[in-house]
1. Could you please tell me which pairs satisfy a Cβ distance under 7 Å, a separation of 6+ or placement on different chains, a first residue in segment 559-584 that is touching a residue at least 40 places away in the same chain (Cβ under 8 Å) and under 13 Å from V456 (Cβ atoms), and a second residue that is of a type in the set (S, T, Y) and part of a helix (DSSP H, G or I)?
2. Of everything in segment 848-873, what is assigned to a loop (DSSP other than H, G, I, E, B) and buried (at least 23 other Cβ atoms within 10 Å of the Cβ)? Give them in sequence order.
3. Have a look at I376, I366, I390, I410 and point out the one that is in contact (Cβ under 8 Å) with a residue 12 or more places away in the chain and over 23 Å from F318 (Cβ atoms).
4. Name, by its number, the condition in (1) of a type in the set (V, I, T); (2) touching a Phe, Trp or Tyr at 6+ places or on another chain (Cβ under 7 Å); (3) under 23 Å from A313 (Cα atoms) that does not hold for V383.
5. Within segment 603-639, work out how many residues are surrounded by fewer than 19 Cβ atoms within 10 Å (Cβ to Cβ) and assigned to a helix (DSSP H, G or I).
6. Pull out all pairs, ordered by first then second residue, where Cβ-Cβ is under 7 Å, the residues are six or more apart or on different chains, the first lies in segment 768-792 and is outside the structural domain of F359 (by TED's automatic domain parsing) and free of Cβ contacts under 8 Å to residues at least 60 places away in the same chain, and the second is of a type in the set (K, R) and in a helix (DSSP H, G or I).
7. Hey, S901 hits all of (1) in the same structural domain as R650 (by TED's automatic domain parsing); (2) farther than 20 Å from G658 by Cβ but one; which does it fall short on?
8. Please enumerate the residues belonging to segment 802-828 that are in contact (Cβ under 8 Å) with a residue 60 or more places away in the chain, over 28 Å from the mean Cα position of the chain (by Cα) and over 13 Å from H773 (Cα atoms).
Amino acid sequence: MLPSFLPITIDFHAQSSPASRRPSPPPRAPSLLDANKDANEQKASLFSQPTPPQTPSANARHEEFFTQVQPSVQTHFPKPHDPKALVRSDAHVPEWGTGLAFFNQPPRSRPANLPPDDILRYTKTSDGQDATFPKPRYSRKEPGRASFSSRPSRSGSRQRWDAEWTVEPAVQGNGGLANAVRAAINAGTIKNVLWVGTVGFPTDALDESKKQEIQDKLESEHDALPVWVKDGDFDGHYAHYCKTILWPVFHYQIPDHPKSKAYEDHSWIYYEHLNQAFADKIIKSYKRGDVIWIHDYHLLLVPGMVRKKLPDAQIGFFMHTAFPSSEVFRCLASRKQLLEGMLGANLVAFQSREYAHHFLQTCSRILIVEATNEGIQLENRFVNVAWLPIGIDPKALQEAREEPMVAEWIKVMLERYKGKQLIVARDKLDSVRGVRQKLLAYELFLNKYPEHKDKVVMIQVATSTTDNPELASTVSDIVTRIDSMHSTLAHQPLVFLRQDISFSQYLALLSVADTLMITSLREGMNLTAHEYIMCQDGMGSDKKHGPLILSEFTGSSSIFNGFELAVNPWDYQKCADAIKAALVMAPEEKERRFTKLRNVVSHHTGDYWINTLNNVLAKVHSEHFMRDTMSIPRLSLSQVSEKYKNANRRIFILDYEGTLASYGSPTSIILTSPQRVIDTLNEVLMDKNNIVYVMSGRTPEELERLFSRVPGLGIIAENGCFVRECGRDEWTAFAEMDKVDEWKDSVKGILTYYLERIEGSWLEERHCSIIFHYDRADDIEMATSHAGECATHINDVCETQHIHAVPIDKSILIEPLDWSKGSAATHIFNKLRKRNVDNNGAPPADFLFVAGDDREDEVIFRWANKLGSTGDIRDVTTVSVGTRNTEATATCTQGTTGLLSILQKLAKISG
């Protein structure tokens, strides 16, 4: 497993007095509610009161309520020194003041200078580093993170560290992934998992012996392999390229506003360096048979880097975040490198069908490759694309809910908010979680439905972030406005906590909530929603079954099938109405919705996710291995000759251009075919037991001219849209020409737009297809970019007309989806079968030979192989001429000349 951060990290204890080994947290920043608090009440402790009030007053200190600790019960989760315990699925990083012990928070950018604004000043040193970047200094102490500087101290030596250090659970990273892997291990679904990742903090200050000591312990005791990278690469990769560029773009936050520094940040080199460090570590540690899983947007280049060195490795890549549409993704300067890196995997998987579709569309548009529903067809291999949402571990969550502290918090919360309906939310305060939109919708709800405002309390936990102070200020204004307009001495409808809460408090809050409200503007999944559903089932008779208000832009919404209250976060009216609907929903309707949601969450668990992904990867890797030309045997003349001799009836279906003959100029109508092709076909047809069909993308008229000197030859024209049976003159047209004319009119309107923009482009129109050529364009690079956009445009607009646009060599082929060489071959075989049944009932043939060279022939290879596997034809040989990956059972590496030689030798056997 390769996440960016390991699920564990190192807690160093600096050489100092014991009291200073665990640095004290800095003073808590003033809360947004502090301005309205009474000084005397701020000193009061909620637990010191004999009986908690039924509802907090307007100036009650909610922060103290959520951070109070009962000394008899352990307050934080997971437990210390238990790296394999359940962690928060959303992996939000808590703020100081929660009373929790956290280690190794995600790295923050602290280089002495940001990347240069002027790209002309961007120069690289001999080792590939940017000479204008000074090495970052890390000097402020943080919990569990060593306080050191990568530069020498005044005394001339770096700060020293003693031998005392411990392995702790890491707060940063993908908690959902860690929980899913742990669940799969416990269930026996997977074994021998080795984590590969960074330890989550700068490491230049550690000498090599200390790094080796840490690595030995992590590898031997924790099944983890650390990746050591330079501090500059670490910071430039994570804080700059990932968080400043990739994260916003992947969540539709295009950083093009005047205040953005994204396009002044030339940190791509650091992203490459860290990805290469991961790839090198994998390659060095790889053993034959290992399965490599690479996770998330931090490591998009790693699959391609590993593939170059380990071409036969089984590699899977899973994208945990959203994947944007091609219009958004194409804004990235390094878009091609990122896509090509991802396509190094055998399987690329996403959280939802929408994200998988965006990826397929983006590859088609930017890389000009063929995208099918199953994946991406590259020149020499196929990459499968799938979608499968991650889930939680219900069993471990239930065990966590049974902790004594959770029950105590449930009891205290029920007493404190007795008689109130609770709307609960927990989000990171950033630009994609929709906290601002949620608060505005709640404010509208209070204004629109004043009869509810004395009965409802929203508790919004906003975990800290310093990424967007402008957003924090806006949210503060909204909170202050709601507080001033709707709070009374007896009731406060909004509790806004600018801090995280303990895990036990979090589970208790989900258990007592009447509804959970999530308004993310874009999110890969949202496992908080899944945890809420399981917590709502209660313990014993305490069942809430509260509704779930969920943004339609989360991956979770795509699997809940409408049993949640789906909202558009930008539609404040509908969000306010959803709050009202959730609060007044009848118990029967709550039960119906909850049952459906619980079934989904119980099915899409972390263990199920891991098991299914591994099975799919194993299946596609096996298929890729079988289709790789290195794995497919050469066509054996002796074997095929033996089958030919033993057959009474034989069928040959042979592709023309690229298989029987070299590609001709598409601009000219070739009146004669190469003489050797004509002679070979006539020789094969001399045996009356042989049936021969030639297939091509050319029109019937062209093919009639080409093969006028081969009597008795069957022809498949325009890739299956027309068939002329052996010994006949009339053609069978499968496509309805009036429908063809209809979609052609639509397509020509689109193509006219691109013809005007690509100088030198031109159209070739056939009966049932159109080819958009740009081989004569003055600027091929620009033309290629427009061609990818053109194919995407046609596929989107004309999807209902059952056509598709496919990139081929410097052109785009637009053809029907309903007809193919495979459908034409099926028609021919069924006619022969019916004819034989009418005569003596014998099978149409006991020998089938199919040869082709390109993507259009793969469908007929599948058709022929299936006939062989079902026994409809005794001996089936499918041959690919060339080096592309294929489903054919044999290859003819000598090209067209080699195939013609084999056909001539078979013909001599008959003679």
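The values are calculated or read from the model by the stated rules, or taken from the named source; none is laboratory data. Not measured: the values here are computed from a predicted model. Reconstructed Cβ throughout: ideal geometry from the backbone, glycine too, with neighbour counts over all protein chains shown.
1. Note: pairs meeting the criteria are I579/Y442.
2. D853
3. Among I376, I366, I390, I410, only I410 is in contact (Cβ under 8 Å) with a residue 12 or more places away in the chain and over 23 Å from F318 (Cβ atoms).
4. (2)
5. 15
6. Going by the 7 Å Cβ cut-off, the qualifying pairs are I770/K744; H786/R757.
7. So the condition that S901 fails would be (2).
8. Correct list: E815, P816, D818, W819, S820, K821, G822, S823, A824, A825, H827, I828.
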